[in-house]
Amino acid sequence: MAILYRVLEYINYFFIAFVSISLFIQLIFIALVWVKKRHFPKAKKLHRFAIIIPACNEEEVIGTTVERLLTQQSYPREYFDIFVCADNCKDKTAEVARKAGAYVLERFDDNPEHKRASFPIKYIIDYLLQNYKDKYDAIIKLDADNLVNKEYIEKMNDCFDTGVEVARSYEASTNLEKNVWTQASGIYYIRDSRIACHVREKLHLDQMLSGAGLMVSMKLLDEIGGWDAMGFSDDSEFTCRRLLEKRRLRFVTDAVVYEDQPSSLKDTYNRVSRMAYGINKNYFKYGPKLFLNFFKTGRISNIDILLTMQFVFISFIAVCWFVPYYIFYIVINALIAFPDFFGIASQEVISSMGGSFVPEWITSPYLDLGLNTTVCQQNLISLCWMILYVVVVFFAIFTFQSWLAVFLDRKKLNVKVRHLWKGLLMSCMISLLEAIASCVGVFKKPKWKKLKRTTSGEINTDAHVNDK
């Protein structure tokens, strides 16, 4: 038992160091958030874009998405088209999208293994490569519920004109102020865009791509044979594949995509567990390759993206290791520190042994743990202070990081920080609930579940894109 106690202790030290490395990177991002934003120069040429939207039973939002893209963009209308893939739809998604002005492809596939976003994405891109390879210069991938700022395509064109092959957008929320769930989820994406993505771009690091607002050149897609990321987290898989090919992945802070956030515990859980399953698969599939690629190329982005995906595994460690371990630690030390309280020895026995009673089942002739009532009482006191310290520091840093991101981009997002106080205070607690969902998502293969839409489509997308 004593050997087991010591082995578990060393394993715990290893996991603490493992987690600390990833968290330290986040502190670096916070420290560098003040660096000036990178804006792409005005394009000298207008390029042609195919906007692709996979949609499964999205009749309630697809019409607004298509109409606003066609009527409210500053980019010349003749230089972009919209292609919607109505994927296994049982509603009027195809009819609504077609009426709104999109080109519609209908896809039907009864294979349950093919019921995820990567398959309709591949379907559209294969169609474009076969029929319009020379017509369009790049694709922009959006989700069915996405709205974008008026200069969105214009800013993506500025980026593309500099020779960029792959880029992602700044992510915001259409229903940010709906309730505490949408606030916390929306703030997560704002924090990622304003802090992590912003710092990466300024330091010439590569980005973790996002499915909402992803731009890819047609030339690249032709070179790789179409869409090649077919897992549950296609965006993170696409990121890993392009990094291993030594391609650059950029961030366009001036192009803002607004997404409908989950508005309930159930929808938040379903989304997080689904994402966690896919990212965790990619972490173990591509993680070793990224690690080796770092030594081959010297590109820090390989380690950065590896550590970013590692947060799903950290959630697993927190739930499945730290919680059980410290419960075990408390129980063992409490039994030794207060044996009379738990009835394993009388006070007389303890006194006769000099106050150093140690149950026989936790001792070993081969290893002296040095445990006695005094040591274990001190262990329990130290642990309580450590837990309090970790909780306070975690809450303070996490909340400050969230507030900082929203505060710095309040004009760009057209929001008042005081209206989001619930989400800011609860974002830390909700992140713990998301850790549990991520842990479940590591083991349980998810099924596609539609989120309840709560956006009205009236979000003000007049973002102040040229803010400093």
Taking amide hydrogens as modeled 1.01 Å from N in the peptide plane, which residues meet the under 5 Å criterion relative to V104, leaving out close sequence neighbours?
-> V84
Between Y132 and K37, Cβ-based FRET efficiency (R0 45 Å, step 0.05) works out to 0.85
Residues with amide H under 5 Å from that of D143, placed H, sequence gap 5 or more = G213
With each run of n ≥ 4 DSSP H residues scored as -39500 (n - 2.57), what mean residue ellipticity at 222 nm is computed for the chain after dividing by its residue count and rounding to the nearest 500 deg cm²/dmol?
-> -17000 deg cm²/dmol
Rg to Rh quotient for region 138-177, alpha carbon positions, Kirkwood Rh | 1.00
Sort region 1-137 into rounded, prolate or oblate with this rule: let a ≥ b ≥ c be the square roots of the eigenvalues of the Cα gyration tensor; rounded if a/c is under 1.5, and if a/c is not under 1.5, prolate when a/b is larger than b/c, oblate otherwise.
-> oblate
Identify the trypsin sites (Lys or Arg not before Pro) of region 28-118 meeting these criteria: DSSP loop state and at most 11 other C-beta atoms within 10 Å of the C-beta.
-> K36, K42, K44, K45, K90
Quick one: Karplus J couplings for region 196-208, per residue in order, coefficients 6.51, -1.76, 1.60, θ = phi - 60°, nearest Hz, x for Gly and Pro?
-> 5, 5, 4, 5, 4, 4, 5, 8, 6, 8, 8, 9, 7
By the gyration tensor of its Cα atoms, with a ≥ b ≥ c the square roots of the eigenvalues, what is the shape of region 67-143: rounded for a/c under 1.5, prolate for a/b over b/c, or oblate?
-> oblate
Summing +1 per Lys or Arg and -1 per Asp or Glu among the other residues with Cβ less than 10 Å from L243's Cβ gives +4
Helix 421-443 vs. the chain, principal-axis angle (Cα, 0 to 90°, nearest 10) = 80
By how many degrees, between 0 and 90 and to the nearest 10, does the Cα long axis of helix 323-337 differ from the longest principal axis of the chain?
-> 10
Roughly how much of W421 is accessible, in Å² to the nearest 10, using a 1.4 Å probe?
-> 140
Longest span of the chain, sites excluded, free of GluC sites (Glu not before Pro) in DSSP loop with at most 16 other C-beta atoms within 10 Å?
-> 246-457
Taking only C-alpha pairs under 8 Å that are 6+ residues apart, what is the relative contact order of region 10-116 in percent?
-> 25
For region 88-156, listing chymotrypsin sites (Phe, Trp or Tyr not before Pro) in a DSSP loop whose Cβ sees at most 15 other Cβ atoms within 10 Å gives F108, Y132
Karplus couplings for region 275-282 from phi (6.51 cos²θ - 1.76 cosθ + 1.60, θ = phi - 60°), rounded to Hz, Gly and Pro as x?
-> 5, 4, 4, x, 5, 5, 4, 5
Can you list the chymotrypsin sites (Phe, Trp or Tyr not before Pro) in region 1-95 that are in a DSSP coil and have 12 or fewer other beta carbons within 10 angstrom?
-> W34
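Which of the three applies to the chain, rounded, prolate or oblate, going by the alpha-carbon gyration tensor with a ≥ b ≥ c and a/c under 1.5 meaning rounded?
In terms of gyration-tensor shape, prolate.
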State, as an integer percentage, the relative contact order of the chain based on alpha-carbon contacts under 8 Å between residues 6 or more apart.
-> 20
Taking θ as phi - 60°, what are the ³J(HN,Hα) couplings along region 376-393 by the Karplus curve (6.51, -1.76, 1.60), each to the nearest whole Hz, with x for Gly and Pro?
-> 5, 5, 5, 4, 5, 5, 5, 5, 4, 5, 5, 4, 4, 4, 4, 4, 5, 5
Put T162, T399 in order of accessible area, largest first, probe 1.4 Å, and you get T162, T399
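What FRET efficiency do you get for E106 and Q378 if R0 is 56 Å and r is their Cβ-Cβ distance, rounded to the nearest 0.05?
0.20
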Candidate lysines - alpha carbon under 19 Å from K445, same-chain residues fewer than 8 apart omitted | K115, K266, K281, K285
Give the angle, between 0 and 90 degrees and rounded to the nearest 10, that separates the Cα long axis of helix 180-191 from the longest principal axis of the Cα atoms of the chain.
-> 80
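The values are calculated or read from the model by the stated rules, or taken from the named source; none is laboratory data. Only a predicted model underlies this, so the values are computations on that prediction, with no experimental measurement involved. Every residue, glycine as well, gets a Cβ built from its backbone with ideal geometry; the counts of neighbours run over all protein chains shown. In case anyone asks, the SASA skips ligands and DNA or RNA and just uses the protein heavy atoms, side chains included. Shrake-Rupley method; radii C 1.70, N 1.55, O 1.52, S 1.80 Å.
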